[in-house]
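Here is the structure we will look at.
The values are calculated or read from the model by the stated rules, or taken from the named source; none is laboratory data. Quick caveat, the model's predicted, so the values are computed rather than measured. Don't worry about glycine lacking a Cβ; one is built from the backbone with ideal geometry, like all the others, and counts go over all protein chains shown.
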Amino acid sequence: MSIEDLKAHLPDYAKDLRLNLGSLATEPTLTTQQRAGTFIAAALAAGDGVVIRAIVAEFGPLLAPAALAAAKSAAAIMGMNNVYYRFTHLVGGDYPQLPAKLRMHVIGRPGVEKADFELWCLAVSAVHGCGTCMASHEHVVREAGLTQEQVQSAVRIAAVVHAVARTIAAQQALTGLAMDDAA
């Protein structure tokens, strides 16, 4: 399945998502690696199998093996961190001052440019809604020289990929059919 197949599976009521998905697939403010990794990390964070397979099929070949692994790592590590740091932020008290005691070595050695990995972590954090992580990763990528437009582009990709995943899942529930069966 490709992006075009995915767009074709979106119902008419999600036409805006179809159009946004198409335009963001060639978003010019991001490098090919930044854009492809953001799509993949966001799809993994959104968690819909149909969307994950389509996005990885479309964007995986654009990444070196190390970059593909790093995009997957960003989704994995932020799946943990977003829950933990959202908890410490929302509950407050002494929790934010306590050491996390969670292994996060991949953040220090992601195997790709630090700014790209942090951008993917930011996109995943946007999907998961962790304000603490979004603020932290946005600060790091801005310090690394990425522009507001690049940050916004990554978050736009994350928002659209998440909405596409939710819409595909909803459509499957409404029709009772697996989208893979229709492809």
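Tabulated results
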quantity	calculated
Options Gln172, Gln150; residue that is closer than 15 Å to Thr29 by Cβ and polar (S, T, N, Q)	Gln150
Those residues of the stretch 129-152 which are under 19 Å from Thr88 (Cα atoms), touching a residue at least 24 places away in the same chain (Cβ under 8 Å) and surrounded by 21 or more Cβ atoms within 10 Å (Cβ to Cβ), in sequence order	Cys130, Cys133
Only one of Asp94, Asp116 that is acidic (Asp, Glu) and touching a residue at least 12 places away in the same chain (Cβ under 8 Å)	Asp116
Unique match (being in contact with a Leu (Cβ under 7 Å, 6 or more places away or on another chain) and of a type in the set (A, V, I, L, M, F, W, C)) among Val140, Val127, Val164	Val164
Single residue of the stretch 1-60 satisfying the filter (among the polar types (S, T, N, Q) and more than 20 Å from Ala71 (Cβ to Cβ)) that is surrounded by the fewest Cβ atoms within 10 Å (Cβ to Cβ)	Ser23
Filter pass, Leu102 being among the hydrophobic types (A, V, I, L, M, F, W, C) and within 29 Å of Pro65 (Cβ to Cβ)	yes
Enumeration of residues in the stretch 92-128 that are surrounded by 22 or more Cβ atoms within 10 Å (Cβ to Cβ), assigned to a helix (DSSP H, G or I) and modelled with pLDDT under 95	none
Residue that is nearest to the chain's Cα centre (by Cα) [pool: residues in the stretch 53-67 that are under 24 Å from Gln172 (Cβ atoms) and in contact (Cβ under 8 Å) with a residue 24 or more places away in the chain]	Ile55
Condition check for Ala70: out of contact with any Gly (no Cβ under 6 Å at 6 or more places or on another chain) and either at pLDDT below 95 or farther than 19 Å from Gln172 by Cβ (or both)	no
